[in-house]
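The values are calculated or read from the model by the stated rules, or taken from the named source; none is laboratory data. These figures come from a predicted structure and were not determined experimentally. Here Cβ is always computed from backbone atoms with ideal geometry, including for glycine, and neighbour counts include all displayed protein chains.
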């Protein structure tokens, strides 16, 4: 199996994003988005996804965090798609339930080649510190659009907004790890009866 690594840069008038990804890493992250809570959530993906992740972002945070968060999702999705390559040998599907105290979330991923996001999460407040919780959905929308993945995210229980968000990102990392795993038994097989994803 060749190395499943990617490096993607994205530059617009609103943001400059650089992502380096190693799908077969050990959960090490270097994160600098200018948004401490967002960095904390991205670290959950790396740690629980057992992937090495480096993200540097400069965005128009003087406006708000929307462009930065969305564009990190877009760029991470592009990097993931690049690292997966032709998808031969991947498990394809992954799911995870993750609790944190009173909160419980479920994430299901299919590297289907088709973008789709189903996202259900009700937060008890609009912000976690200075971070707007609406941006969590924007991050995942950007990701699925460019990773060409179907992702279902459901927060099943929770009263604490931080706990809700953290269970979502941890479950996403675990589900991604499972779906991207390499299956030696199917090393030369694309996991689809169509023969392509």
* Being closer than 12 Å to residue 58 by Cα, in a strand (DSSP E or B) and touching a helix residue (DSSP H, G or I) at 6+ places or on another chain (Cβ under 8 Å) is the filter here, so list the residues in the range 1-17 that pass it. => 9, 10, 15, 17
* Output yes when any residue across the range 47-56 is over 22 Å from residue 85 (Cα atoms), more than 13 Å from the chain's Cα centre (by Cα) and either in contact (Cβ under 8 Å) with a residue 12 or more places away in the chain or not in a loop (DSSP other than H, G, I, E, B) (or both), and no when none is. => yes
* Asked: Is at least one residue of the range 66-81 outside any helix (DSSP H, G or I), at pLDDT 95 or above and out of contact with any strand residue (DSSP E or B) (no Cβ under 6 Å at 6 or more places or on another chain)?
  -> no
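What do you reckon, is residue 176 touching a strand residue (DSSP E or B) at 6+ places or on another chain (Cβ under 9 Å) and touching a residue at least 60 places away in the same chain (Cβ under 8 Å)?
Numbers: touching a strand residue (DSSP E or B) at 6+ places or on another chain (Cβ under 9 Å): yes; touching a residue at least 60 places away in the same chain (Cβ under 8 Å): yes.
The answer is yes for residue 176.
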* **Every residue from the range 29-52 that is within 17 Å of residue 142 (Cα to Cα) and crowded, with 20+ Cβ neighbours inside 10 Å** => 33, 38, 41, 42, 45
